Structures are given as C-alpha cells and as structure tokens.
Amino acid sequence: MKHTEKELTALKDEVSQMWRLVLSQLEKVKQAFTANNIELAREVVSREKRVNSFELKIDSDCENYIALYNPVAIDLRLVLSLSKICGTLERIADFAEGIARHVIEEREQSELIENLRAETMFDTVIEMLSNSYVVLDSENTKLSGKILAMDNEVDEIYRNAVAVLAEAIRNNVISAENGLKTMLVIRKIERIGDHCSNIVEEIVFYIDAKVLKHQDS
C-alpha cells in the first residue's frame with residue numbers, strides 16, 4: 001500500500017470513529033428526551049468534548065494531506081468531503097447536546113412527546129445517519145435517494161408539531177414558555193435531518209462527482 005493510501009485509510013478510520021460517537025450521542029439523547037432520563041442527558045453533554053476533539057483532529061489531518069500530497073480527482077474529492085462531513089457531524093452533535101440540556105432543565109409530559117411524534121423523528125434521523133455511513137463505507141450511492149426522501153418525513157412531522165404545541169398551549173396543557181422551548185427541541189431534530197441530507201450530498205459528490213445541492217427533489 002502506498003503511503004498516500006495509508007494516510008487516506010487513517011483519515012477514513014478517524015471519520016468512522018467520530019461517526020459512531022455521534023450516532024451514539026443521537027441514540028442516547030433520544031432515550032433521554034423520550035424517557036426524561038436526566039443522567040443519560042448529562043452523559044451526552046459530557047461526551048460533546050470528544051466530538052469536538054475529533055473534528056479538530058480530522059480537519060487538521062485533511063489540511064495536512066492536501067498540503068503534503070496535492071491530491072487530484074477522486075482523492076481530492078474524498079478529502080474535501082471528509083472535511084465537510086466531520087464539520088457536519090460536529091453540528092449534529094451540537095444539536096444533540098442542546099436537546100440533552102433541555103432534558104436536564106425541563107420536564108416533558110410523556111403524552112405530549114407521543115403526540116409530537118418525537119420518537120419517530122429521532123428514529124428517522126438516526127436511520128438517515130446510519131445509512132449514510134453505509135453509503136460512504138460501501139462507496140455505493142444507491143441508498144442516497146431513500147435517505148434524502150426520509151428527510152421529507154422528518155419535515156412533515158416537524159410541521160405537524162407546530163399545530164400540536166399550539167393546541168397544547170391553548171388548552172393550558174403546557175405554558176407558552178415551555179411550548180416554545182419544546183418547539184426549539186423539535187426544530188433541532190428537524191435540522192439534524194437536514195444535516196444528514198448534507199452528508200449524503202457530500203458522499204455522492206465524492207463517489208459520483210455529482211453536485212446535488214440546490215437541486216429540486
């Protein structure tokens with residue numbers, strides 16, 4: 001194996017480790033939010049620093065690889081994509097931390113969480129992120145369309161959540177302040193779906209040299 005190939009393999013391994021950590025953060029914060037598990041929420045908050053460290057290390061390694069080896073074609077696309085992906089993974093983890101802090105500070109009613117379909121939203125974005133890694137690892141983009149379509153499901157649940165929370169506030173099930181804070185949590189999950197779509201677009205750019213951004217679905 002050439003030295004440049006070893007460096008690329010090491011880069012991909014680092015991204016894989018970060019990916020697994022962020023997936024774990026999402027799974028834990030889902031459980032924390034849906035079950036009001038404060039201890040699990042605190043664990044998510046405490047592990048955020050590890051995610052940040054991964055991003056800094058991978059970003060630096062990508063810059064060093066470009067400076068040292070001056071890659072072209074598919075190798076350049078890979079390094080550029082990995083750099084953007086790790087930044088997007090870090091943002092997903094930021095949203096997970098924000099949701100965890102909400103769990104620590106607030107107490108949601110289980111019936112409201114069920115009506116908001118928050119668990120379904122979490123399950124969908126987790127599947128999106130997991131399947132995105134399959135696309136990268138297999139270097140096969142046939143799953144990309146399915147993943148992007150799943151983001152539409154997340155968006156629909158998010159739109160319906162506005163009406164659910166508005167009704168809960170009108171009926172004094174929750175206070176307006178708590179309703180707005182809960183809406184911010186649902187918005188964070190929706191944004192995670194958007195970021196998963198961005199990751200898929202980066203992978204398609206690397207593998208197929210196609211730009212999917214700003215195209216009508």
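A few points about this structure:
- The Cβ shell under 11 Å around ASP194 holds other residues with a net charge of 0, Lys and Arg each +1, Asp and Glu each -1.
- Angle between the chain longest axis and helix 38-69 axis [Cα atoms, degrees, rounded to 10]: 20
- In loop segments of the stretch 142-215 as defined by DSSP, the trypsin sites (Lys or Arg not before Pro) with at most 16 further C-beta atoms inside 10 Å of their C-beta are LYS210, LYS213.
- Taken one residue at a time, the phi angles of the stretch 125-132 give Karplus couplings (6.51, -1.76, 1.60, θ = phi - 60°) of 5, 5, 5, 4, 5, 5, 5, 4 Hz. Gly and Pro are set to x.
- Span from the the stretch 3-53 Cα centroid across to the the stretch 70-84 one, whole angstrom: 23
- The protection proxy used here, the mean number of other Cβ atoms lying within 10 Å of each residue, ranks peptides 58-70, 126-138 as follows, highest first: 126-138, 58-70.
- Computed [θ] at 222 nm, deg cm²/dmol, the chain (DSSP H ≥ 4; -39,500 (n - 2.57); rounded to nearest 500): -30500 deg cm²/dmol
- Burial order of peptide ranges 9-21, 84-96, 29-41 (average beta-carbon count within 10 Å, highest first): 84-96, 29-41, 9-21
- Going from the residue with the fewest nearby Cβ atoms within 10 Å to the one with the most, GLU167, GLU48 rank GLU167, GLU48.
- Relative contact order for the chain, counting Cα pairs under 8 Å that sit 6 or more residues apart, in percent: 25
Since every read-out is calculated from the coordinates, none of them should be taken as a lab result. This is a predicted model, so every value here is computed, not measured. FYI the Cβ positions are ideal-geometry reconstructions off the backbone, even for glycines, and counts take in every protein chain you see.
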